[in-house]
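Below is one structure, written out as structure tokens; comments come after it.
The values are calculated or read from the model by the stated rules, or taken from the named source; none is laboratory data. The shown structure was predicted, so the numbers you read here are calculated from the model rather than taken from an experiment. All Cβ positions, glycine included, derive from the backbone under ideal geometry; neighbour counts span all protein chains shown.
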Amino acid sequence: MKLIATWIKSAGRTKEERLELFERLVSASNRQAHNMAMRLTANSAEAEDLLQETYLRAFRFFHRYDENLPFTSWIYRIMTNLHIDTVRRRNRLKTVSIEQTGSDGNQTWDLPDQKAAADCEVMTYALEEPLQLGLRAMTAEFRTAVVLADVEGLSYEEIAEVMQTSVGTVRSRIHRGRKQLREYLDKSCPGRYEVNFLQ
Amino acid sequence: MNCQNAQNSLSAYLDRELAGDQMIAVRSHVERCASCEAELGSLRALKTGLASLPVVEPREGFADDVMRLVRNEKPEPVRVPVFAMVATSVAAAVLAVLLFNAFIGGTDRTHLADDGARFDEASDVAVTNPDFGSHAPLIPVGR
């Protein structure tokens, strides 16, 4: 019933009215959404592409947006779906996993070579944070859950809503995600990071 | 609670996403386990670090560029789902009929009770018309 009411309400608007409302929402949300996109991609060009595609998709399906709910939650849902799809597509093309077993049988991390990255120049100082690099090395689902919890401050229930999954799955993703991130930090900047940050 | 259980719950404990009794169980374990206390401290530092990462602003004019693209975008046609509409209409119709029957049935029941007694006197047999359900009028069948 609620969905139908949303549809009817949206159908009652003229194209100009829809555009005007959408523009207001973009203007109010783009700063926060851009930061979220940066945390997910750790790359300004990718973040811009992700956010742009998110808004275009949001406009395409704007009639499905329930105005009683926060616009950013809806945007995050679209963005996380797009992001996870993109990472999965990219991983299918890759032949090497970011997490693999070394010759000694231990798990090793194949850290991204920042100097070799084509878009190295456009990365801002913020992205050189070990934490940001650690986020980049995480599994997409774990990263999304951790960013929504720790950067955006969403509750598990809200994250479950955004990621369209159960609270139990969110809890597990956050637990495993933080563990993954900690392992990355221990390996990439042992000692220094522990002294400066973890203590 | 052992260390394994406590460590599996530390993240949720830190986020205050455990039920009350679980919160108490984890807290009491952490208070007497140095290793789990250290693990919790490390997770807390990680959470604080992520929360205090600097906000990365979009470039100047980004929102305008998005809106320029949006203006050229064709929105999906607004389609009210036919199934949902039909289902809602049917549900409303059924509800209306039920309410109507309940009202009429309630009135008729008193009447039928009187009539039924008379029918019983006139004839020992009475049938119920299946089309009317339980509120059907009783029809006497002549001998």
Fill in: Residues satisfying the stated conditions in the range A:140-171, i.e. surrounded by 18 or more Cβ atoms within 10 Å (Cβ to Cβ) and among the polar types (S, T, N, Q)
A:Thr144
Discussion item. The conditions are (1) at the interface with another protein chain (Cβ under 9 Å from one of its Cβ atoms); (2) assigned to a loop (DSSP other than H, G, I, E, B), and B:Met1 fails exactly one of them. Which is it?
Written reply: (1)
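Does the range A:33-41 include one or more residues that are surrounded by fewer than 20 Cβ atoms within 10 Å (Cβ to Cβ) and either closer than 23 Å to B:Ala51 by Cβ or not aliphatic (A, V, I, L, M) (or both)? Break it down stepwise before answering.
Of the residues in the range A:33-41, the ones surrounded by fewer than 20 Cβ atoms within 10 Å (Cβ to Cβ) are none.
No: zero hits.
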Practice prompt. Please enumerate the residues belonging to the range A:51-71 that are at the interface with chain B (Cβ under 9 Å from one of its Cβ atoms), charged (D, E, K, R) and touching a residue at least 40 places away in the same chain (Cβ under 8 Å).
Written response: A:Arg64
Worksheet item: Can you name the residue in the range B:36-51 that is of a type in the set (D, E, K, R) and in contact (Cβ under 8 Å) with a residue 24 or more places away in the chain and, of all such residues, is nearest to B:Ala25 (Cα to Cα)?
Response: B:Glu39
Worksheet item: Hey, among A:Lys187, A:Lys179, which residue is basic (Lys, Arg) and either at pLDDT 90 or above or surrounded by fewer than 12 Cβ atoms within 10 Å (Cβ to Cβ) (or both)?
Response: A:Lys179
Response to the item:
Checking B:Leu14, B:Leu43, B:Leu10 in turn, the sole residue that is surrounded by 14 or more Cβ atoms within 10 Å (Cβ to Cβ) and within 7 Å of another protein chain (Cβ to nearest Cβ) turns out to be B:Leu43
